[in-house]
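The values are calculated or read from the model by the stated rules, or taken from the named source; none is laboratory data. Note that the structure is predicted; figures quoted are calculated from it, not measured. Note: ideal-geometry Cβ built from the backbone for every residue, glycine included; neighbour counts use all protein chains shown.
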Amino acid sequence: MLGNQSAFNEVVTLRQAKKLIQCMAHEQSFLLLSAPGIGKSEVVYEAAREAGLVCRSLLGTQIAPEDVSGIPRIVGERSVFCPPRILLPERPEPFCLFLDELPACAPDVQKAFYSLLLERRLGEHALPPGTWVVAAGNRLQDRALVRAMSSALVNRVTILQIRHDVDEWLGWAQRAGIRQEIRSFITTVPDALMRPVPADPVPFSTPRAWSLLSRALDLAHKGGILTNETRRALAFGRVSPEDAAVFCALAEESIGPVQPLERYIREPDLLPKGESARWFLLDCIRQFVRDGRADAMPPRVINRFLRSLSEEHQLILITDMIEKWGELGADKAMYELLFKVAAA
């Protein structure tokens, strides 16, 4: 049995997986594996739609072996298995067969898929030429009630480990009409797009969770009930608590779309007046500087930015980073700050 799926490396993004599916799923079966909520199902539907194929899906946790192999009937003196219509439509046209939650199937159901995945056959019936067979599911380490897959099943599919990509998601989110404040928040805090699966059954941030939160906020706004309280209830009910707290604080202070961090350094007057939003952006700027993304900015801009801040905010920014700010040419501002603090 294949028990340690974490041994695989996450190697492709959703966009790359879609291209692979469109290129070879008519001959080879794929199994997409990832943490919950990345968007595996959506990318399979999108790939099929772009290829002009109808996508028929089976949910692995809700089927029995006979739902795959079919039910026998007597024809003359022999029994013939009649495959289900969803797997073998009457019209012999190619389609996309999507086996969702395949790793969560019972062992007997997984076994029933063997010939379908490898030979594109259901007993004596062959799938229409050009039909795709694509499966998806979560990994054992995701605590998503999946089962260990047999080596026989694994050897019949190409396993694609899927990783999330922030830029890909932001491009999709704009096309899909995800709310501006959510896209702006993820742009500023990319780690918030996908958090690790928590040990306890509590909400956590995933691309799917942010998409559903956006829709919930749209519905609340349309219904005239979007207040700070309802926003917090919806956010804390969908995404990780640390992300919900910051997201709601920014929304409540109405700072508008978050600007690129470099712009706040060049134009410090753009920093929000509210304490929560201001602290959040200064922390982001601190990481921005730590990562070396401000290295090309002129020393006069760096000094002007630091001087525009309160002593408390300056101390927070330069703590443990004096050498880094010195490399940016902030010696003058830091000397002035030291003089003020020592004189106080």
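Has the range 301-309 got at least one residue that is more than 23 Å from S184 (Cα to Cα), in a helix (DSSP H, G or I) and either assigned by TED's automatic domain parsing to the domain that holds A192 or free of Cβ contacts under 8 Å to residues at least 24 places away in the same chain (or both)? Don't jump to the end; show me each part of the working.
Looking only at the range 301-309, we keep the residues that are more than 23 Å from S184 (Cα to Cα), and these are 301-304, 306-309.
Of the ones still in play, those that are also in a helix (DSSP H, G or I) are 301-304, 306-307.
Now restrict to residues that are either assigned by TED's automatic domain parsing to the domain that holds A192 or free of Cβ contacts under 8 Å to residues at least 24 places away in the same chain (or both): none.
The answer is no, given that none of the residues of the range 301-309 is more than 23 Å from S184 (Cα to Cα), in a helix (DSSP H, G or I) and either assigned by TED's automatic domain parsing to the domain that holds A192 or free of Cβ contacts under 8 Å to residues at least 24 places away in the same chain (or both).
Looking only at the range 266-275, decide whether some residue is surrounded by 17 or more Cβ atoms within 10 Å (Cβ to Cβ), in a helix (DSSP H, G or I) and either β-branched (V, I, T) or not assigned by TED's automatic domain parsing to the domain that holds Q141 (or both). Lay out the reasoning, then the answer.
First, pick out the residues of the range 266-275 that are surrounded by 17 or more Cβ atoms within 10 Å (Cβ to Cβ): 271-272.
Within this subset, residues satisfying the condition of being in a helix (DSSP H, G or I) are none.
No, the range 266-275 contains no residue that is surrounded by 17 or more Cβ atoms within 10 Å (Cβ to Cβ), in a helix (DSSP H, G or I) and either β-branched (V, I, T) or not assigned by TED's automatic domain parsing to the domain that holds Q141 (or both).
Hey, can you tell me all the residues within the range 189-210 that are assigned to a helix (DSSP H, G or I) and either without any contact (Cβ under 8 Å) to a residue 12 or more places away in the chain or buried (at least 19 other Cβ atoms within 10 Å of the Cβ) (or both)? Spell out how you get there, then give the answer.
If we filter the range 189-210 for residues that are assigned to a helix (DSSP H, G or I), which is where we start, we get 190-193, 207-210.
The answer is D191, A192, L193, P207, A209, W210.
Could you check S184 against (1) of a type outside the set (V, I, T); (2) under 25 Å from L99 (Cα atoms); (3) touching a residue at least 40 places away in the same chain (Cβ under 8 Å) and say which number it fails?
(2)
Condition first: more than 24 Å from P129 (Cβ to Cβ) and more than 30 Å from the chain's Cα centre (by Cα). Now tell me which residues in the range 91-110 satisfy that. Please lay out each step first, then the result.
Restricting attention to the range 91-110, the residues satisfying the condition of being more than 24 Å from P129 (Cβ to Cβ) are 101, 103-110.
Once the filter is applied, which keeps residues that are more than 24 Å from P129 (Cβ to Cβ) and more than 30 Å from the chain's Cα centre (by Cα), the range 91-110 yields only D108.
Restricting to the range 133-146, what's the tally of residues that are in contact with a helix residue (DSSP H, G or I) (Cβ under 8 Å, 6 or more places away or on another chain) and crowded, with 19+ Cβ neighbours inside 10 Å? Walk me through how you get there before you give the answer.
Kept after step one, since they are in contact with a helix residue (DSSP H, G or I) (Cβ under 8 Å, 6 or more places away or on another chain), are these residues of the range 133-146: 133-141, 144-146.
The next check asks that each one be crowded, with 19+ Cβ neighbours inside 10 Å; those that pass are 133-139, 146.
Counting residues in the range 133-146 that are in contact with a helix residue (DSSP H, G or I) (Cβ under 8 Å, 6 or more places away or on another chain) and crowded, with 19+ Cβ neighbours inside 10 Å gives 8.
Show the residue pairs that are 6+ apart or on different chains and have beta-carbon atoms under 9 Å apart, the first residue being within the range 233-258 and in a helix (DSSP H, G or I), the second being crowded, with 22+ Cβ neighbours inside 10 Å and of a type in the set (D, E).
Cβ pairs passing all conditions: A235/D243.
Report yes if E336 is loosely packed, with under 12 Cβ neighbours inside 10 Å and either within 24 Å of T187 (Cα to Cα) or not assigned by TED's automatic domain parsing to the domain that holds C248 (or both), otherwise no.
Working: loosely packed, with under 12 Cβ neighbours inside 10 Å: no; either within 24 Å of T187 (Cα to Cα) or not assigned by TED's automatic domain parsing to the domain that holds C248 (or both): yes.
The answer is no for E336.
Mind checking which residues of the range 9-44 are over 25 Å from A176 (Cα atoms) and polar (S, T, N, Q)?
Within the range 9-44, N9, Q28, S29 meet the criteria.
Exposed (fewer than 15 other Cβ atoms within 10 Å of the Cβ) and in a helix (DSSP H, G or I): is that true of F280 in this structure?
On the way: exposed (fewer than 15 other Cβ atoms within 10 Å of the Cβ): no; in a helix (DSSP H, G or I): yes.
Against the criterion (exposed (fewer than 15 other Cβ atoms within 10 Å of the Cβ) and in a helix (DSSP H, G or I)), F280 does not qualify.
Of the residues that make up the range 218-234, is at least one farther than 20 Å from G39 by Cβ and in contact with a Phe, Trp or Tyr (Cβ under 9 Å, 6 or more places away or on another chain)?
To start, the set of residues in the range 218-234 that are farther than 20 Å from G39 by Cβ comprises 219-234.
Okay, now just the ones that are also in contact with a Phe, Trp or Tyr (Cβ under 9 Å, 6 or more places away or on another chain), so 231.
Yes, some residue in the range 218-234 is farther than 20 Å from G39 by Cβ and in contact with a Phe, Trp or Tyr (Cβ under 9 Å, 6 or more places away or on another chain).
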